[in-house]
Every structure is written in C-alpha cells, then in structure tokens.
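Scroll down for the structure; my scribbles are underneath it.
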Amino acid sequence: IAVAGQMVTGRLGAATSSRRAAPSLIVQARERTEMVRTAIGARRVVYGEAMTSGPLLFAASTGAAKEYLHLVVPLAAHEVEAIDDLYFNETPATDPRFAGHSRVNRRLGEPGQLADADLVAEVAEWTPAHRLRGVAYAYARLQWSAEVWPTGLPNLKAVVRGRKLFDPRDGGVRWSSNPALCVRDYLAAEFGLGAGPAEIDDASFIAAANICDEMVALTESAVTAAADPAQGWLDLAAATALERGDKIWMSTTGVLPSGLSAGVDYFVIPASPAAARTRVKLASTYANALAGLAIAIGSAGSGTHTLTRKAQARYTCNGVVDLDQKPIDAMEQLLSACAGVLVYQQGRYRLFAGAATVATAASHPSTLASWR
C-alpha cells in the first residue's frame, strides 16, 4: 500500500508541478470567505456544506442619485444543491437592520440557467445573454445608507450546499457530504484527475462510503425546545452545536408534538444559521436529513420537550477546493476528511477510509502437529 501510495503521489505531482504551492489551511479558509476584486480569481468547487465567497464579478450603480449598488459574486464553478445562509460581513442578511436596504437573489448554476430577471430589468449592461450557466452565484442590490452600511461595501458570503455526487451504492446523483464520494468525484471530474470508470474500483469506494456514514456515539448534550407546527421546526432554548445529520432523541414531561415519539432516532436538518443554531427540523433517516426531507409536526404538544444529541456520522467532508492548486494538494485535503488512503494498483484507484478492523487468523493442522 505504501508503494502504491507513492505511485499516486508521484503521478499527480509530476503532472502538476507547474501549479502554485498551496497556502496554509488557515490562509485558505480566510481567503475563501472574502469577496475580492480581481480579474483572475480561481474557480472553486464546493464539497459538502461550506461558507464561501468569491471574486466581485460585476458591479454597477443605478438610480437618480446612484443610490443602488448591484453586485454579482460567483460562489462555485458548478451547479449546487442550495445557497442557504447569506451574510453581510458577519451578520446574516436576514437581520432586520438590512430590511429595505438589500435584496439578494440566489442562482444555483443549472445547465439551463437564465439571466437574473431583476438584474436584467434594472441594469442595462446585464442582458438576457448573461446567464452564467454552470456557475452558482449571489446577486445583491444594496441601497445606500450611512447607518446601514457604516463601513462601506460589505463582504458578501454564503453557506453553500455544494456539488451533487455520484453514489456507486445505488447509482444516484445527489448532494452529499460523504468524503468517499467527494474523493471519487474529484478522481472522475475533468477539473480533477479525469479518471475513467474502468480506473476506479467502486467496491472499495462503496466500503469506504459506508464507513463514513456509520453513526458514532457522542457525549450526550441536551437542550429544551418548543415545537412550531406552523413552520415545522423546533425552537431551541439556547444556541447549540447541532449539525446536519446529527442523531438525536426526543423526550418530554408531557406529550410530544404529533409526528414525534420518545426514544426514536431522528436526524437534524438545520433551520437557522450555524452561527446561532437555535432552530432545527427533524428527519426520519440520515439520508432524508441530507436531502432536507423533514417530518411534519402536527401540534406543539405539552410539557417541556428535550432534544438530546446522541451520535453523528463518522466522517463528513465540508470545504472548498480551489482549481488553481496542485491536484495532489486538493486530494490530500479530501482524504484528510476520512483519514483515508488512496491506492493506485494494477491500473485502478482504491480508497481505504480510516476505521478499526478486527484481525482474524487461521491455523493450519500441520503447523499445530509440529508443535505437539
């Protein structure tokens, strides 16, 4: 395995030695959430769920006093599952102070994507031909106010559920944060290694994907919650560290909301920004939590409801890959999400995710006889 791993490193490194050296992870994380003004920004791929920004692709002013500023910021160089929480600097765009002074439209980068209708209607330079097909972006219109924008142009960033991935376990293509599927996608993608199906040992990727999805028990933490059946979510009494797909149990001093039962596995769907996670929805399975398919809550119930965090998926991959870095650096980052080892052996890539295994041994009768 060590020799095969060196072969992968050599093969990738030799093919990409001309690309830039990777900056530190801390620098990369900071850069990826900053809206920058540049004409040569690298394209980005979002795997799993991550906060990101991008280069300022377009800016224009309109209005009698040029009081409106229009901004277009690309977030990913591909179609994404969703653009969820938007922020101006460190404040959610839904904050009441921005009401009446901002409008943000999301475009997911579909192959048939049309130009943003509001931008076309209000800015002459942006026409129906400006479709940005295959590019996920945010378009913001800001109205000038010294009180609302005291520091000038804000940094626009967003939490993005990124690239849809092929899953060899069932042949489906859907959004996922499973590291094994992210590694496979980068192997096969044109912007990655461009490996063909015959070069990928899907049996090993299936085994690795299953390891990544295994639920690992956590030190339990609890928070009280009130059900809001009109919205279908639980309002938490305090901000928590709950993440998408975390396994929880419900309990109560009275009667649980209809649709929920005590001592049953449920899985978290975030319904408020991660910076202050005070609202969640629940799914019946981990797969449904990733897909955003929530359980319908029919009533508020009675008494004090408690939500207890029990477990989480063993490994998830949530981050951004810059396409101007060496593929070996990008692959190492993806593999780190599952403590993985990628092996190139007999013309095929095999993935091994980090997990304990039980060793077995068999004794040969002739060996036992020789020791008698």
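Observations
- Filter result for Arg97 (more than 27 Å from the chain's Cα centre (by Cα), of a type in the set (D, E, K, R) and at negative phi): yes
- The set of residues in the stretch 131-158 being within 19 Å of Asp118 (Cβ to Cβ) and aliphatic (A, V, I, L, M) consists of Leu132, Val135, Ala136, Ala138, Ala140, Leu142, Leu156, Ala158.
- The set of residues in the stretch 274-300 being of a type outside the set (A, V, I, L, M, F, W, C) and either open to solvent by less than 30 Å² (accessible area, probe 1.4 Å) or closer than 12 Å to Gly232 by Cβ (or both) consists of Arg277, Arg279, Lys281, Gly292, Gly298, Ser299.
- Close contacts from the stretch 157-173, counting a first residue that is farther than 21 Å from Val72 by Cβ and among the acidic types (Asp, Glu) and a second that is open to solvent by 40 Å² or more (accessible area, probe 1.4 Å) and assigned to a strand (DSSP E or B), with Cβ to Cβ under 8 Å and a gap of 6+ residues or different chains, come to Asp167/Val173; Asp167/Arg174.
- Selected residue (criterion: farthest from the chain's Cα centre (by Cα)) from residues of the stretch 348-362 that are open to solvent by 30 Å² or more (accessible area, probe 1.4 Å) and among the small types (Gly, Ala, Ser): Ala362
- Looking only at the stretch 198-240, and only at residues there that are outside any helix (DSSP H, G or I) and touching a helix residue (DSSP H, G or I) at 6+ places or on another chain (Cβ under 9 Å), the one that is farthest from Arg277 (Cα to Cα): Ile200
- Residue list for the stretch 195-216, restricted to those being of a type outside the set (Val, Ile, Thr) and over 22 Å from the mean Cα position of the chain (by Cα): Ala195, Gly196, Pro197, Ala198, Glu199, Asp201, Asp202, Ala203, Ser204
- Long-range neighbours under 9 Å by Cβ, at least six apart or interchain, first residue at positive phi within the stretch 258-280, second open to solvent by 30 Å² or more (accessible area, probe 1.4 Å) and assigned to a strand (DSSP E or B): Gly263/Trp249; Gly263/Ser251
- Any pair with Cβ under 6 angstrom, 6 or more apart, that starts in the stretch 40-68 at a residue that is under 15 Å from Gly109 (Cα atoms) and open to solvent by 60 Å² or more (accessible area, probe 1.4 Å) and ends at one that is of a type outside the set (S, T, N, Q) and outside any strand (DSSP E or B): Arg43/Ala77; Arg43/Leu323
- Of all residues making up the stretch 13-38, the number that are modelled with pLDDT of 60 or more, open to solvent by 40 Å² or more (accessible area, probe 1.4 Å) and not β-branched (Val, Ile, Thr): 2
- Only one of the listed residues (Ala271, Ala262) is open to solvent by 40 Å² or more (accessible area, probe 1.4 Å) and either over 26 Å from Asp84 (Cα atoms) or among the aliphatic types (A, V, I, L, M) (or both). That residue is Ala262.
The values are calculated or read from the model by the stated rules, or taken from the named source; none is laboratory data. Everything numeric here is computed off the predicted structure, so don't read it as measured data. So basically every Cβ, Gly included, is an ideal-geometry build from the backbone, and we count neighbours across all protein chains shown. Each accessible area value is taken on the protein alone, full model and side chains, heavy atoms only, with ligands, DNA and RNA left out. Shrake-Rupley method; radii C 1.70, N 1.55, O 1.52, S 1.80 Å.
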